[in-house]
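The structure under discussion appears below in the form of structure tokens.
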Amino acid sequence: MDWPLWEVFIRSRNGLDHKHCGSIHAPDARLALQMARDVYTRRLEGVSIWVVRADAIVASDPDAKPEMFDPAADKIYRHPTFYKLPDDVNHM
Amino acid sequence: MPAGYRRTLIRQIGQHAHSEVVGMLPEGNWITRAPTLERKCILLAKVQDEGGHGLYLYAAAETLGVARDTLIAQLHAGEAKYSSIFNYPTVTWADVGVIGWLVDGAAIMNQIPLTRCSYGPYARAMIRICKEESFHQRQGYDLLLKMMEGSDAQRAQVQDAVDRWWWPALMMFGPHDRDSPHSGDSTRWGIKRISNDELRQKFVDATVPQARVLGVTLPDPLLRWNEASGHHEFGPIDWDEFRAVVQGHGACARERLRDRVRAWEDGAWVREAASAYAAKQAAKQAAGQAAGQSGAPVAA
Amino acid sequence: MSTTCDGAPAPPDAASAPGLAAARCAVLLGYGDTALILGQRLAEWCGHGPVLEEDVALANIALDLLGQARLLLAHAGALEGRGRDADQLAFLRLEREYLNPTLAELPNVDFGHTALRLLLFGAFHVALWSAVQHGRDPQLATIAAKSLKEARYHRNHGADWTVRLGDGTAQSHDRMQRALDALWPYCSELFTASPAEQRLAAAGAGVDPAQLRPAWEADVLPVLAESNLRVPPPTPFRASGKRGIHSEHMGHLLAELQYLQRAFPGCRW
């Protein structure tokens, strides 16, 4: 069977982002959307579905984690918790 | 990823996926004969869930580089195992309830630790499965509760089903730890986190009070509460039966595999047709784009 | 004379105008039986589909239909006023009392046959529920609105597969043509009003299914054309399930469906 693999992303009722929830095999895009709906939204999990052919996804190399992600580790000034503000304005 | 870890994972995830799919058959056997519309819907939803679980697990295995088709071919050729509990027949309607109560109950016990397993995609599939699984056990128990509140014939049918499924359910946890060939590796790699015997004991301790509430007796004259250990001790398991069933001599083993093979083979023309259609559409689109670029008329 | 759904005398305080109540009940039974029998046939696929994704999809459709059956039969039973609930109607009537069209009860031959039947019924139900949701019975209108959404999905699922199988391989095309040749003669019954439907339509209280035919053809024929399928020529054959005269398949289906209720009379589940 040469049905391609599709990754499924669902945005839930209250959510803002599409989250990856799994994959399905389907011969084409239209059936992929229908199948994703049947397999992954039976418990009202979603209001919006994206299906993407797995071979269209470009992913970072898991072995290249150090050079891809470590440089961010020492730039802690990007995180709001880095900044100690006076209590009265700390809700910013 | 070490080759041994990968191999063990594929074997375990594959076996789990096959079990879900074959597991659709014993209960699926009763969908058309469910006694009320509500029970029919509940059972259909449960069996549907099991198909979905198989799907999530094949998808998890796929992340390790093994195609679903490959795993299915192994199953159909008799080279891959699935939980032998599904080689027992569902003789009566009460069996459906007992499977939900005992078989799903045992499966849940096996599965919860896997939600913390070291391999992400498998753990994530397990989290999804466990969320859906809780209704499976509850509907089975509810089915039995209703029957036990019913006629003598209904009660007798429930007791008969319990008598037939209790020991096979205990065997679901596998051989004793000391006799288990794969446990060591799986534990070392963080795939298996609690031992067979520990899980089996947990299951017995949880189930005995449930049986009492139902009003059924469990078919083990040696089953009793041990004050000193704080657990229920139980009688010896018939490992000859276990071995025979695991080796493929269970009552329904041939039928289960035959049904799955038949579904797959009967569906070949459908899968091929869908692929052929997709290819034709892709070719048309490509031709359309090429014609658009060159200005030539599009072939009909 | 006012009667119950299956012809027995009704209590004098029937739900609406005398005579019309029995007709309304019979029509509801017909709608409910169609959903029930179609749902039963689709449920047979669970665990045996061509691919796991379809096991899940067809089960969803079956669940939709069984859900509709429960609502419609419950409404029929309440209207009848003899204390019969949805289960009693679903599981305890005799062959001649089921009012579904014969097309619904035909056994599944292969996946293509099922997909085509799904298209034919899906398109019919889109047309039917669209009309019924504007009717005078508020409970039925609510059921119709919900069922319409589901019917759209069923119709699309059936259409998508019919197209892919009709225009897939030579083998799939042949199977689909055979399926269409087999199923088409049963379609005219969908648009043939039963006496109860005629009664209600004449009183402005129900939908005459004959009116649905143009919309159904406008929906279905292009899909069949896109699937490279040839519509068979009309024949004198007329199915008669809506009159309770079913095919031989119905008896076997009911034997399976009703078995436990018959084996354990009066028991609760």
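List the residues of region C:140-177 for which accessible area in the full set of protein chains is at least 40 Å² lower than for the chain on its own; 1.4 Å probe, protein heavy atoms only.
At a threshold of 40 Å² (probe 1.4 Å), the residues of region C:140-177 that become less exposed are C:Tyr153, C:Asp160, C:Trp161, C:Arg164, C:Asp167, C:Gly168, C:Thr169.
List the residues whose amide H sits under 5 Å from the amide H of B:His231, counting only those 5 or more places along or on another chain, with H placed 1.01 Å from N in the peptide plane.
Sorted by chain and number, the residues that satisfy this are B:Asn226.
Using r as the Cβ-Cβ distance of B:Ala290 and A:Trp50, and R0 as 25 Å, what FRET efficiency do you calculate, to the nearest 0.05? Let's see the in-between values first.
On the way: r = 29 Å, r/R0 = 1.14.
Calculated value: 0.30.
Could you state the orientation-averaged shadow area of the convex hull built on the Cα atoms of the protein assembly as shown, in nm² to one decimal?
Details: hull surface 160.8 nm².
Mean projected area of the Cα convex hull: 40.2 nm².
Taking region B:65-109 as the region of interest, what is the percent of Cα-Cα pairs per 5 angstrom bin, listed from the shortest bin to the one with the maximum distance?
The percentages, shortest bin first, are 5, 17, 19, 17, 13, 19, 8, 2, 0.
What residue among B:Gly235, C:Pro185, B:Pro121 has its Cα farthest toward the positive end of the dipole of the protein assembly as shown, where the charges are +1 on Lys, Arg and -1 on Asp, Glu, each on the Cβ?
My answer, from the dipole projection, is C:Pro185.
What does the convex hull of the alpha-carbon atoms of region C:94-194 project to on average, in nm²? Numbers along the way, then the final one.
Details: hull surface 28.9 nm².
It is 7.2 nm².
Put a dot 7 Å past each Cα toward the Cβ at B:Ala268 and C:His252; how far apart are the dots in nm?
So the two model labels end up 2.6 nm from each other.
Please list the non-local residues whose amide H lies under 5 Å from the amide H of A:Gly22, H modeled 1.01 Å from N, same-chain partners needing a gap of 5 or more.
For A:Gly22, the qualifying residues are A:Val8.
Given the pairs B:Lys146/C:Lys149; B:Lys46/B:Lys81; A:Lys19/B:Lys146; A:Lys19/B:Lys202; B:Lys40/B:Lys280, which span a C-alpha to C-alpha distance of over 32 angstrom in this model? Don't jump to the answer; show the numbers that get you there.
Values: B:Lys146/C:Lys149 34 Å; B:Lys46/B:Lys81 22 Å; A:Lys19/B:Lys146 40 Å; A:Lys19/B:Lys202 35 Å; B:Lys40/B:Lys280 40 Å.
Correct reply: B:Lys146/C:Lys149; A:Lys19/B:Lys146; A:Lys19/B:Lys202; B:Lys40/B:Lys280.
Taking R0 as 25 Å, what FRET efficiency do you get between A:Arg13 and B:Arg138 from their Cβ-Cβ distance, rounded to the nearest 0.05? Before the final figure, lay out the partial values.
On the way: r = 24 Å, r/R0 = 0.97.
After rounding, the FRET efficiency stands at 0.55.
Just to be sure I understand the model, the point goes 7 Å from the Cα along the line to the Cβ. What's the resulting C:Asn228 to B:Glu149 distance in nm?
Rounded to a tenth, the inter-label distance reads 5.8 nm.
Take the alpha-carbon centre of region B:154-168, take the same for region B:191-236, and report the distance between them in whole Å.
One Cα centre to the other: 17 Å.
From largest to smallest, what semi-axes in whole angstrom does region C:17-263 give when each is the square root of 5 times an eigenvalue of its alpha carbon gyration tensor? Mind showing how you got there, number by number?
Working: eigenvalues 162, 84, 55 Å².
In descending order the semi-axes read 28, 21, 17 Å.
How many percent of the accessible area of chain C is carbon or sulfur, using a 1.4 Å probe? Display every interim value, and only then the final one.
Details: 5770 of 10240 Å².
On chain C, the fraction of accessible area on carbon and sulfur atoms equals 56 percent.
Could you calculate the FRET efficiency of B:His231 with B:Ala3 from 1/(1 + (r/R0)^6), where r is the beta carbon distance between them and R0 is 45 Å, rounded to 0.05? Write out the running numbers ahead of the final one.
Details: r = 39 Å, r/R0 = 0.87.
In this case the efficiency is close to 0.70.
Roll a 1.4 Å probe over the protein chains and send me the accessible area per residue for the protein assembly as shown in Å².
Details: 29670 Å² over 661 residues.
So the protein assembly as shown comes to 45 Å² accessible per residue, rounded to a whole number.
Relative to the present Cα-Cα distance, how much length would full extension add between C:Asp85 and C:Arg243 at 0.36 nm per residue of separation?
Numbers: separation 158, 0.36 × 158 = 56.88 nm, distance 2.20 nm.
My answer for the length gained is 54.7 nm.
Give the Rg (one decimal place) followed by the Dmax (whole number) of chain B, computed from C-alpha coordinates and expressed in Å.
Using the Cα atoms of chain B, the pair Rg, Dmax is 22.7, 89 Å.
Go ahead and estimate [θ] at 222 nm for the protein assembly as shown from helices alone: -39,500 (n - 2.57) per DSSP H run with n ≥ 4, summed, over the residue count, rounded to 500. Numbers along the way, then the final one.
Numbers: 25 runs with 383 residues, N = 661.
That calculation yields -19000 deg cm²/dmol at 222 nm.
The values are calculated or read from the model by the stated rules, or taken from the named source; none is laboratory data. Since the model is a prediction, treat every value here as computed from it, not as a measurement. Backbone-built Cβ (ideal geometry, glycine too); neighbour counts: all protein chains shown. Surface accessibility is based on the protein's heavy atoms, side chains included, excluding ligands, DNA and RNA. Shrake-Rupley method; radii C 1.70, N 1.55, O 1.52, S 1.80 Å.
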